[in-house]
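The values are calculated or read from the model by the stated rules, or taken from the named source; none is laboratory data. Since the model is a prediction, treat every value here as computed from it, not as a measurement. FYI the Cβ positions are ideal-geometry reconstructions off the backbone, even for glycines, and counts take in every protein chain you see. Just so you know, the surface numbers come from the protein's heavy atoms only, side chains and all, with ligands and any DNA or RNA stripped out. Shrake-Rupley method; radii C 1.70, N 1.55, O 1.52, S 1.80 Å.
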Amino acid sequence: STQSTWGLKTAMWRSLFRERIRCGVVHAGAAFVRTFGSRGHGDRNFNFPSSVCCSVDDDTHIVVADCGNNRIVVVARTDGSFVRTFGSEGAAHGQFNRPEGVCVNAAGLIIVADTFNHRVQMF
């Protein structure tokens, strides 16, 4: 399935033997530009990315809610290179249980819908 958000597309391809998950960048109404990431738990991997948005302050980063890894991943908008990640599985402040939505407000705060913890967190 695919989900378009602010010119970005999260795509998921499934097969019988394994799942591959990656993010791709497209221009609104234009051709595919690039893809980044693959299935896994490392810095450059995703496990069911569920939401993406662009940073508002300088428009140089893409923020990804990495639902299956219970974390938020920040990558460079220009080439998808890893910038940083934060969060882990749990219920304490800064931890997540299936983060499924993310956005960045005008002040540059990252806002995360922490789905199974039934809360919204701001960073």
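Kindly indicate which of Val25, Val83 is touching a strand residue (DSSP E or B) at 6+ places or on another chain (Cβ under 6 Å), open to solvent by 50 Å² or more (accessible area, probe 1.4 Å) and either under 20 Å from Ile111 (Cα atoms) or modelled with pLDDT of 55 or more (or both).
On the way: Val25 fails: open to solvent by 50 Å² or more (accessible area, probe 1.4 Å).
Residue meeting the stated conditions: Val83.
If you take the residues in the stretch 51-70 that are assigned to a strand (DSSP E or B) and within 11 Å of Arg98 (Cβ to Cβ), which one is farthest from the chain's Cα centre (by Cα)?
That would be Asp66.
Name the residue, out of Leu8, Leu16, that is at pLDDT below 85, open to solvent by less than 30 Å² (accessible area, probe 1.4 Å) and over 21 Å from Gln121 (Cα atoms). If you could, list the steps in order and put the result at the bottom.
Details: Leu16 fails: open to solvent by less than 30 Å² (accessible area, probe 1.4 Å).
Among Leu8, Leu16, only Leu8 is at pLDDT below 85, open to solvent by less than 30 Å² (accessible area, probe 1.4 Å) and over 21 Å from Gln121 (Cα atoms).
Residue by residue, here is whether (1) within 24 Å of Phe32 (Cα to Cα); (2) open to solvent by 60 Å² or more (accessible area, probe 1.4 Å) holds:
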| site | (1), (2) |
| --- | --- |
| Cys54 | yes, no |
| Asp59 | yes, yes |
| Ala65 | yes, no |
| Ala76 | yes, no |
| Ser88 | no, no |
| His93 | no, yes |
| Pro99 | no, no |
| Gln121 | no, no |
